[in-house]
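Notes follow the structure.
The values are calculated or read from the model by the stated rules, or taken from the named source; none is laboratory data. Everything numeric in this text was worked out from a predicted model, so none of it was measured. Because the Cβ atoms are built from the backbone with ideal geometry, glycine has one as well, and the counts that use them run over all protein chains shown.
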There are 2 protein chains.
Amino acid sequence: MLIREKVEQAKGILRELGVDCWITFVRESGLCGDPSLAFLAGGDVTWHSAFIISSSGRTWAIVGEYDRRSVEDLGAYDRVIGYVEGIQKPFLECLKELDPARIAVNFSRDSEIADGLTHGMYLTLVDFLSRAGMEGRLESAEKVISALRQRKTAAELERMKEAVRITEDIYGQVAGFLRPGRTEAEIAAFMTRKVKEAGVAAAWDESTCPAVFTGPQHAGAHYSPTDRRVEPGHLLNMDFGVRYEGYCSDLQRTFYVLRPGETRAPDAVQRGFDTIVEAIERARRKLRPGVQGIEVDRAARECITSAGYEEFPHALGHQVGRFAHDGTALLGPAWEKYASKPFQPLEEGMVFTLEPRLPVEGHGTATVENMVVVRPDGGENLSTPQEELLYVRGGE
Amino acid sequence: MLIREKVEQAKGILRELGVDCWITFVRESGLCGDPSLAFLAGGDVTWHSAFIISSSGRTWAIVGEYDRRSVEDLGAYDRVIGYVEGIQKPFLECLKELDPARIAVNFSRDSEIADGLTHGMYLTLVDFLSRAGMEGRLESAEKVISALRQRKTAAELERMKEAVRITEDIYGQVAGFLRPGRTEAEIAAFMTRKVKEAGVAAAWDESTCPAVFTGPQHAGAHYSPTDRRVEPGHLLNMDFGVRYEGYCSDLQRTFYVLRPGETRAPDAVQRGFDTIVEAIERARRKLRPGVQGIEVDRAARECITSAGYEEFPHALGHQVGRFAHDGTALLGPAWEKYASKPFQPLEEGMVFTLEPRLPVEGHGTATVENMVVVRPDGGENLSTPQEELLYVRGGE
């Protein structure tokens, strides 16, 4: 169902971009899968396989004979061809029939979601196309794939909302589990149990999903939860999401652990947290179609540096979809590793995280991550934004 | 531990092949991971990352700052460099220090396990190397990676034996569940529950692991179990494996469903089954270091065709390791899709499946899949070979 919806969407994107056909060329996708395959096939394919969509609306899948029936069952392709010995002959027949002037394939220097074609498969493809005199017609499908991923359909947004709902529910449950003396690893294990009870999966590698950090000088993002214990006076944060029917959430929450006698956080902690909330709000209002991600990142970054904090050493936000890090356009600064991503114009329907962070001396990190959809008048919250510091009350 | 063992092994392989350094170059490996990364890092990496092993024994990992500590903790690299803005500078510094004459990277037309470098990342790499005047030094790491994967260490073989033990245990349990009237889908669901109870994962995509086929004209390999019911007179087969601590098993079993009054299978069924067992035995005896896979495949294939059956439309067997389909050398015929794989000489320590099949008119498919390790005097069974037809007794 979703695959038929995305294949239809792809035809329109090809017409819009003036590209005649888009070819996804993969093998043994269980080992090294092209991220676009999830929109084109229901599961993995074994031998050299080509999924071909043309701007004229015609669609082919050429797969090993043993994979044929599973692909036919999708009902997304006019023709499904199963071969036994090799793909070259049926593939060239299809290309000759189509005779496309512009052929987009899945490689990109700048965008990993559009870079699923391996170099060995690229060499094979060039070899095939040169036999048909078409090797000069190849180009990157980055724009096709970016549009396909970022223009979330109603069915995709529904799945993401459910992923967000489950995530917020687990955040609600873990709040009752937090107390001084618990270790980061114990908190993570509690959340992982709740993920399994909910019948979903972690949105990324389980060793860092959830990531849990407590107190000052913690291990830092992307590191597994440790045996460090929650203590009064700590800022405690978590980065966590789930994958529901193939679609992800990605949210962060910050808690303050009250000291004996305290009824609220110290001013320095509150000021850090409020600065994060303000930075997110400024970014959310800037998030409109046509704006570049670097402008949105700058709004949040300047909010933080002008309040006297050091700037966060990462992008403000990334797209979310089938992966927690998904899509080409990025809300980030002009750093080498982000390539052209911060300069892509935003489109309605993109889903972004907003996740600035800052250190509060002696307490830990203040960081919130919300998820928003780009709309004509600014970002629309897909998750419930954290606007108040959450409190963990003392042990005994 | 395993990673340190494999990194050490890689240094020796580089010396043996005269390659000066091997570079695995990846980003966002959760989206599109290089199959070699599992031997080099404990989990996924986010930004452009380079894992560099030199024949002189020096090892570097250059990763995004947030991934640095996880990689340091492996204890497998002399130097772990974390960067914030971009990889180019530390990467080129490392390459200049090393000045390798032959640089192997992960692309291959013929072998998917050695083809983890995407084309976009290849272009970036060539660009970096050309700035150091080294772009002409690149070559395929196919031989390095093939050797690394196929030379199973003791720790790897132990994990595979445990995966086999769990698989055979589940086959034992499902035998008691089989009876006329059960559907393929019910049988698969029973096995999937047992996989979860054992705390392991399916060895490949759960929709076809296990694959369950009953009776004549079933849906065919790589197709999900259907609502077709087991009936007396059917040959019933299953293709199934588990992944235990990152290592897989892959085994098939064939059952015959006795008709009322029958105490053994009809002669045609028994003869088909015995032909499979004989074909496997002939192949097992041929499985020695230095032999080509095509010779082993031929021994089994001719055993089947000379008994009057049609040849199986696939290779006799593939390597198993971190994936159910793993490694470059293949026991297969000279078909286009297998490229050079059937011509690679076998090495001691490789683990192969042996899985011929044949149709028995009116009953279904006879097929057995065993796992064997290549030894100097022939294949050594890693699994318990199925040498007798298993019986399913009548319903009431």
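Listed values, structure above:
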| quantity | calculated |
| --- | --- |
| Single match in A:F312, A:F352, A:F343 (criterion: touching a helix residue (DSSP H, G or I) at 6+ places or on another chain (Cβ under 9 Å), more than 14 Å from chain B (Cβ to nearest Cβ) and farther than 23 Å from A:E158 by Cα) | A:F343 |
| Test: B:F190 is aromatic (F, W, Y) and either closer than 29 Å to B:S340 by Cα or assigned by TED's automatic domain parsing to the domain that holds B:R253 (or both) | yes |
| Tally, over segment B:48-63, of residues that are in contact with a Gly (Cβ under 9 Å, 6 or more places away or on another chain) and either closer than 20 Å to B:E245 by Cβ or surrounded by fewer than 24 Cβ atoms within 10 Å (Cβ to Cβ) (or both) | 1 |
| Of the criteria (1) in contact (Cβ under 8 Å) with a residue 12 or more places away in the chain; (2) within 11 Å of another protein chain (Cβ to nearest Cβ); (3) closer than 21 Å to B:E336 by Cβ; (4) in contact with a helix residue (DSSP H, G or I) (Cβ under 7 Å, 6 or more places away or on another chain), which one A:G43 fails | (3) |
| Counted residues, segment B:104-149 - those being within 7 Å of chain A (Cβ to nearest Cβ) and among the acidic types (D, E) | 2 |
| Condition check for B:R69: within 10 Å of chain A (Cβ to nearest Cβ) and farther than 26 Å from A:P35 by Cα | yes |
| Search result, residues across segment B:91-102 that are in contact (Cβ under 8 Å) with a residue 60 or more places away in the chain and within 14 Å of another protein chain (Cβ to nearest Cβ) | none |
| Which numbered condition A:Q88 misses (of (1) within 14 Å of chain B (Cβ to nearest Cβ); (2) closer than 22 Å to A:Q319 by Cα) | (2) |
| Residue count, segment B:150-206 (criterion: within 30 Å of B:A114 (Cβ to Cβ), within 14 Å of chain A (Cβ to nearest Cβ) and not aliphatic (A, V, I, L, M)) | 3 |
| Filtered residues of segment A:243-292 (kept if modelled with pLDDT of 95 or more and of a type in the set (G, A, S)) | A:S249, A:A265, A:A268, A:G272, A:A279, A:A283, A:G290 |
| Of all residues in segment A:110-127 being of a type outside the set (D, E) and surrounded by fewer than 19 Cβ atoms within 10 Å (Cβ to Cβ), the one that is farthest from the chain's Cα centre (by Cα) | A:V126 |
| Residue, farthest from A:T384 (Cα to Cα), within segment A:159-184, restricted to residues that are in contact with a strand residue (DSSP E or B) (Cβ under 8 Å, 6 or more places away or on another chain) and among the hydrophobic types (A, V, I, L, M, F, W, C) | A:L178 |
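Okay, residues lined up against (1) in contact with a Gly (Cβ under 9 Å, 6 or more places away or on another chain); (2) of a type outside the set (F, W, Y); (3) touching a residue at least 24 places away in the same chain (Cβ under 8 Å):
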site: B:S146; (1), (2), (3): yes, yes, yes
site: B:K152; (1), (2), (3): yes, yes, yes
site: B:E184; (1), (2), (3): no, yes, yes
site: B:I187; (1), (2), (3): no, yes, yes
site: B:T192; (1), (2), (3): no, yes, no
site: B:Y223; (1), (2), (3): no, no, no
